[in-house]
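Read-outs throughout are calculated quantities, based only on the coordinates presented, and are distinct from any laboratory measurement. These numbers were taken from a predicted model, which means no experiment stands behind them. Every residue, glycine as well, gets a Cβ built from its backbone with ideal geometry; the counts of neighbours run over all protein chains shown.
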Amino acid sequence: MTQVASLTPEVLHLLETVPDLYLILSPDFIILTASARYLKATYTEREKIQGRLVFDIFPDNPALQHSEATTNLRYSLEWVLAHKQPHEMGLLRYDILEPGQVGAFQEKYWRSSHTPVLDGEGNIQYIIHKTIDVTSEVLAQKQVKEYEQQLEQAQGLQELANAELASARAETELERKKLYEVFMRAPAMICIFEGPAHVFKLVNPPYQQLVGDRPLLGKPIAEAMPELAGQPIFGLLDHVYRTGESFHTDEMKVQLDHDNTGGLGHNYYNFTYQPTRNVVGETDGVLVYAYEVTAQVEARQKIEQREQDLQILNEQLTAANEEIRAAYEELSDTQLALQDLNQQLEAQVMVRTRELQLSKAETEAQRNRLHQLFMEAPAPIAILAGERFVFDLVNPAYQQLLPGRKLLGNSMLSEALAELAAQPFANLLRQVYRTGETIVKKEELIPVARYEGAPLEERYFNYTLQARRDEQDKVDGIIIFAFEVTDQVEARQAAERSAERLQLITDALPVLIGYLDKEEKYRFANKAYESWFPLKSKELLGRPVREVVGEKAYKGVKEYIDRALAGERLDFDSRMPYREDFVKYIHTSYIPDIQEGKVAGFFTLVSDVTEQVQARQQIEEREKEALALTKELAAINEELKTANEQLRRTNIDLDNFVYTASHDLKAPIYNIEGLLRLLTDTLPTPVLSSEGLEGVTGMIEDSITRFKRTIEHLTEVSKLQKENNQEPVEVNLSDVVRDVRLDLSSQLEAVDAQLDVDIAACPGIHFSEKNLRSVVYNLLSNAVKYRSPERKPRIQLYCKQEGEYIALSVRDNGLGMDLAGKQKLFSMFGRLHDHVEGSGIGLYMVKKIVENADGRIEVESEVGVGSTFTVYFKS
């Protein structure tokens with residue numbers, strides 16, 4: 001599925017529940033998602049259309065001969081891609097597949113627009129296809145009664161949209177529960193404060209253990225932990241909430257009554273205060289993430305105390321040596337006194353030596369205990385020795401950050417983690433080693449591999465670099481305290497990207513999307529507001545809705561606002577007189593924002609339905625006109641029935657007259673022809689060729705021949721009228737073409753004509769066999785008759801299925817014709833070329849045969865190029 005994964009649940013929820021017909025497309029016209037109203041209107045399911053090309057899901061209706069639905073849709077989408085601007089399509093017929101019926105389409109009319117969603121660089125991320133189903137309005141002009149059925153269907157769609165919205169809200173609640181489980185199972189101490197009083201909104205088990213079973217949830221921290229008064233905690237929370245800036249500190253001493261016995265502990269913690277924000281970006285609480293480091297702090301303090309005691313002992317020993325030296329000089333007068341003094345001195349030195357040895361042993365034991373504390377500490381700790389930064393200590397928590405790397409005993413920058421040598425982190429190590437200063441970094445990006453030979457990963461860390469000193473207070477190594485925060489950073493970045501996408505999507509939608517708090521002030525408004533009100537969307541924030549929409553419009557929706565703030569989910573239609581020259585009909589949805597059982601505000605989605613309302617009003621007017629027209633038509637129909645009956649009788653009489661006249665005229669003309677032959681046989685040749693009579697007999701014979709041909713044509717026309725009601729049968733087109741081709745073989749050979757036949761797509765035609773043969777014969781014989789003397793005749797006969805018709809075409813490269821005389825072409829005895837023999841009755845008969853069977857004939861022609869006659873048979 002392309003790109004749909006990049007749409008966050010919030011964006012999907014918004015798009016799928018808006019009370020309009022929306023389809024979201026990728027730049028290559030792949031369907032990403034659709035609103036519930038759209039799915040209902042097009043009889044589709046989201047899972048079956050996602051990831052599919054829009055033209056595959058919505059093809060042209062093959063039953064429509066000249067359908068250009070997909071062509072127009074593609075043109076609009078490609079125009080948006082080329083210009084990166086919205087495009088209105090106007091009224092479009094685009095039939096939709098009937099659900100549950102293979103190949104059946106439902107007649108549909110739409111008014112659609114396409115809006116591009118651009119990223120920060122101006123590239124198209126998505127295309128929003130908004131459409132309005134105006135089928136009811138269009139069809140109402142044809143049949144007024146269908147309007148009520150369309151209205152009932154719209155009500156059903158609204159109920160389905162409400163059900164989809166309820167389902168989406170349930171999914172959102174499930175996601176909140178999952179996030180709550182993550183916090184509750186985290187090993188660190190986590191809590192969330194809400195509001196300026198810092199009321200406990202969430203407390204996970206490690207944080208609750210700080211005060212035993214003392215209740216915290218729902219209480220301000222000052223009430224729940226009064227022993228913190230006078231300590232920095234309250235002030236730090238106020239600062240973070242007021243400024244919206246994060247705060248982090250290490251090894252802060254916090255005194256709490258852990259056992260609820262009245263005694264205060266002396267524990268140390270590393271913690272971070274992170275502000276939380278509402279949908280409009282305002283700070284509404286503080287997230288606390290903390291872990292205890294009391295053991296590490298006390299261990300370091302003990303080492304520092306031992307080092308101070310050892311220094312005092314060394315100073316005492318130095319002083320004692322000075323006293324011995326002075327005493328030796330004063331008692332040098334006698335050897336005995338000197339020996340006694342030496343014995344005392346040796347005894348004192350031995351005592352001092354034993355004390356020094358005991359002190360060293362105790363110091364070593366403390367060092368061992370400190371090493372054990374480091375190794376058992378849950379926080380990642382490492383010690384680097386010397387200028388080469390060799391790993392002198394790596395506790396398990398630190399090794400777990402790099403499970404597949406050999407650290408202990410190797411140089412960090414040249415052996416263990418060589419990829420760090422060229423990164424800023426290496427310079428920070430050298431700086432700490434050179435200056436002895438401590439460096440603390442938060443959310444620092446350090447590309448490093450977890451396993452030897454594995455690719456580098458972009459990982460984020462909070463870490464502290466602290467100098468280690470020897471007995472002379474010189475830096476001989478570095479202590480590293482590190483915590484990986486990659487998940488937190490990526491989660492925050494994802495949230496920021498999601499917010500940006502949500503803003504992009506809502507700004508691109510032509511629906512007014514906003515959020516009102518309990519004071520009825522705007523806390524969010526998308527760009528669509530700018531087309532209705534003379535303010536930028538950001539300028540609306542903090543303004544009361546009454547001030548923005550105007551007093552008259554506010555009175556019309558005040559009741560609904562009160563109900564939404566009471567927790568009711570609303571959908572309503574209203575006429576909004578925003579300004580004297582700006583009145584809109586709107587469809588509005590109010591969705592309450594309920595947090596912990598209380599309504600914090602509500603979302604508002606406003607759609608412009610002015611065109612639909614005005615169209616409905618026009619339909620109602622047309623219904624009245626149609627009712628009056630129906631009455632008039634009823635009276636006219638009665639008159640037409642009477643007139644049609646009279647015409648039918650007249651046509652029968654005319655047909656009988658033509659048939660009788662053509663039959664009765666045959667005997668006299670044949671008698672005249674016989675008398676002429678008798679006369680020419682009786683009269684001498686000199687008389688026939690005498691002046692005044694020469695050529696007369698030939699002229700009389702030509703007149704008789706033309707008269708006979710006219711009578712035959714009238715007979716054929718009469719038969720055509722009488723045979724109009726012949727039952728159609730399934731005729732093999734190939735057999736008919738073969739027979740006609742044999743009849744015309746001599747004519748084709750005489751002019752060396754090439755006849756190409758391609759009728760594989762139409763093996764059979766439901767028609768009168770005799771009439772079908774007459775159609776094919778007339779078209780092919782005309783193609784031969786009106787050939788061009790400048791080129792070899794080429795005739796093509798082919799057919800194809802076009803919607804509900806079978807189209808049979810005859811194309812030639814003959815003389816062609818000027819279609820300005822097209823009406824004469826199909827009239828009885830009408831001809832456009834007089835230089836060849838013909839009667840002008842053939843095409844007239846073809847047209848009558850086809851039209852009598854609910855078909856039609858069309859012609860395309862160009863003078864000097866050729867002509868194409870196409871006959872459409874009802875399939």
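A few remarks follow.
- 3J(HN,Hα) along region 405-415, derived from phi through the Karplus expression 6.51 cos²θ - 1.76 cosθ + 1.60 where θ = phi - 60°, amounts to 10, 8, 10, 4, x, 10, 5, 4, 8, 10, 10 Hz, with x in place of Gly and Pro.
- Highest average packing first - 90-97, 120-127, 778-785, Cβ atoms within 10 Å: 778-785, 90-97, 120-127
- What you get for region 175-305, charging only the Cβ of Lys and Arg (+1) and of Asp and Glu (-1), is a dipole of about 320 debye around the Cα centre.
- Amide hydrogen proximity for V134: with H placed 1.01 Å from N in the peptide plane, the residues at 5 or more positions away or on another chain lying under 5 Å are Y109, W110, R111.
- Distant-in-sequence amide H partners of D593 (H built 1.01 Å from N, under 5 Å): A600, G601, F602, F603
- Across region 52-67, coupling constants 3J(HN,Hα) worked out from phi with the 6.51/-1.76/1.60 Karplus curve, θ = phi - 60°, read 9, 5, 4, 6, 6, 6, 10, x, 5, 6, x, 6, 8, 5, 10, 5 Hz, and Gly and Pro carry x.
- Percent RCO, i.e. relative contact order, over region 379-491, from Cα pairs under 8 Å lying at least 6 residues apart: 27
- For Y126, residues with placed amide H under 5 Å, excluding near neighbours: V117
- J(HN,Hα) series, region 109-126, from Karplus relation 6.51 cos²θ - 1.76 cosθ + 1.60, nearest Hz, glycine and proline x: 10, 9, 10, 10, 9, 10, 10, x, 10, 9, 8, x, 9, x, 8, 6, 8, 9
- Charge sum, other residues only, whose C-beta stays under 15 Å from L541's C-beta, Lys/Arg counted +1 and Asp/Glu -1: -1
- With a threshold of 27 Å on the Cα-Cα distance, the over-threshold entries among K785/K848; K177/K442; K552/K598; K130/K536; K130/K177 are K177/K442; K552/K598; K130/K177.
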